[in-house]
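Contents: one structure, followed by commentary.
The values are calculated or read from the model by the stated rules, or taken from the named source; none is laboratory data. All values derive from a computational prediction rather than experimental measurement. All Cβ positions, even for glycine, are placed from backbone atoms using ideal geometry, and neighbour counts span all protein chains on display. Keep in mind that these areas ignore ligands, DNA and RNA; they rest on the heavy atoms of the full protein, side chains included. Shrake-Rupley method; radii C 1.70, N 1.55, O 1.52, S 1.80 Å.
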Amino acid sequence: GDTATFTGLFEPDAVYDDYAGQIQHQGIQEIVGYLTGVQTWATGISVDVGAVHSSDHGATVEWVFSGIQDGPIGTRVPVATGREVVLNGVTILEIEKGRIRRAADYIDELPLLLQLGAEVRLPGGGVIRLDDVLPPADSVGRRP
């Protein structure tokens, strides 16, 4: 939520690609809106960086996001489920003169939707549910 930090990290005309949402954010105002937008629908937010692979001109950052979905996610999920979501993602950064010129997030949104209670209906009648793709929860609802 520290927008001043974001502003200092990015070139003013940087580009941030959200490939899961198929949206490109151009310029610092749109980028800050994208990076802080999750706060409109989630609380208890944590982003844990697992690994950073860097070079002179860029970096790849592996991370795990978690939070409680307690507000609508636009029109796609118009209700608060109160459910915890945990997502793995990768951000690729292109760096120029010490600032981010371009960033790209890669996230598989299917686990998000399943964790919020969605089901995927497949041709032929099959259905994918959360319990089909994740190990069972323990007695307090945690999954390994």
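Miscellaneous remarks
- Selection of region 114-142 for residues being of a type in the set (A, V, I, L, M, F, W, C), in a loop (DSSP other than H, G, I, E, B) and modelled with pLDDT under 90 yields LEU134, ALA137, VAL140.
- Single condition ALA14 does not satisfy, out of (1) in contact with a Gly (Cβ under 8 Å, 6 or more places away or on another chain); (2) surrounded by 11 or more Cβ atoms within 10 Å (Cβ to Cβ); (3) closer than 29 Å to GLN115 by Cα: (3)
- Residue in region 36-55 that is assigned to a loop (DSSP other than H, G, I, E, B), in contact (Cβ under 8 Å) with a residue 60 or more places away in the chain and closer than 26 Å to LEU130 by Cα present: no
- All positions within region 22-36 that are under 12 Å from the mean Cα position of the chain (by Cα) and surrounded by 15 or more Cβ atoms within 10 Å (Cβ to Cβ): TYR34, LEU35
- Residue count, region 84-132 (criterion: among the β-branched types (Val, Ile, Thr), surrounded by 12 or more Cβ atoms within 10 Å (Cβ to Cβ) and more than 15 Å from TYR19 (Cβ to Cβ)): 6
- Scanning region 1-35 for residues that are in a loop (DSSP other than H, G, I, E, B) and more than 17 Å from GLU94 (Cβ to Cβ) yields GLY1, ASP2, ALA20, GLY21, GLN22.
- Residue check, GLY50 open to solvent by less than 30 Å² (accessible area, probe 1.4 Å) and of a type outside the set (S, T, N, Q): no
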